[in-house]
Amino acid sequence: MGGHDPRSCHASARRRRGLPGHVGGRPYSERVVSRIQSRPRKASGGEIVRDESTFAQALASVHAAVLRPEVLIEEVPAPTRLAPSALALSGEVIPSRNADDEPIATGRFVLLHDPEEPEPWEGPWRVVTYAKAAVEPEVGHDPYVGRVGWSWLTDALDARDLQWGAEAGAVTCVLSESFGALSDREPTVEMEIRASWTPLDGRIDRHLQAWGDLLCTVAGLPPLPEGVVALPQRR
């Protein structure tokens, strides 16, 4: 990328926000009560079968996932036509950890499971996500912004030692400039990363954590110091 530093997109934003240091997080299961969105499917002989057991095991690992405490998530209605089983979570990054404060990034994580392994997926699982946040205005003019945004996703997956395939997605930046009577308003740029991929390692909890890491990166939060991990809080 010709020496382009992805971290520069948020450096000044971090200085302005004065974000707090990292403290221990909580397992997802302490924050929401989950529901399995599952529908029956027909076997080749017409017998009705359900895939709730396999999906429930994956859901249990999601419940145990520990995210950074700045990431607040809740369950939302899951899609019903994309796969026999699905889970959908919405997420917000709030540095103060006060749910009443405005988030600095938002996103969604959808987990799909289809034991028939749809051809585009190349496996029985599919993760569909997006992450969105306001970034520095100059980012909107950066010719490398798409590559930088996509690298944030792959870096988040790599950092969790994950295996994935059939990835697809797009990075979009929307530049808003005001004119005339509104010309005193500062330009704003919103970045959105939409991505889907197939987990190949069965570590659905870590894929959720990687998405949480991506949300924090898009929000401009500094990464955790090397060797520091989020720890569950005492109940």
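Quick note: the coordinates plus some simple rules give every number you see, no bench work behind them. Predicted model only: the values in this text are computed from it and were never measured. Here the Cβ is made from the backbone with ideal geometry for all residues, glycine too, and neighbour counts use every protein chain on show.
Compute the separation of the alpha-carbon centres of region 76-101 and region 149-208 and state it in Å as a whole number. Distance between centres, Cα-based: 16 Å. Computed over region 26-219, relative contact order equals 22 percent, with contacts defined as Cα pairs under 8 Å that lie 6+ residues apart. Kirkwood radius and radius of gyration were both taken over the C-alpha atoms of region 134-185, and their ratio Rg/Rh is 1.17. For region 96-186, chymotrypsin sites (Phe, Trp or Tyr not before Pro) meeting the loop criterion (DSSP other than H, G, I, E, B) and having at most 12 other Cβ atoms within 10 Å: F179. Over region 89-177, what portion of Cα pair distances is larger than 23 Å, expressed as a whole percent? Counting pairs separated by more than 23 Å, the tail of P(r) holds 39 percent. Computed over Cα pairs, the Kirkwood radius of region 26-219 leads via Stokes-Einstein (0.890 mPa s, 25 °C) to a diffusion coefficient of 137 µm² per second. Between D101 and S151, the simple label model (points 7 Å from Cα in the Cβ direction) yields a spacing of 2.9 nm.
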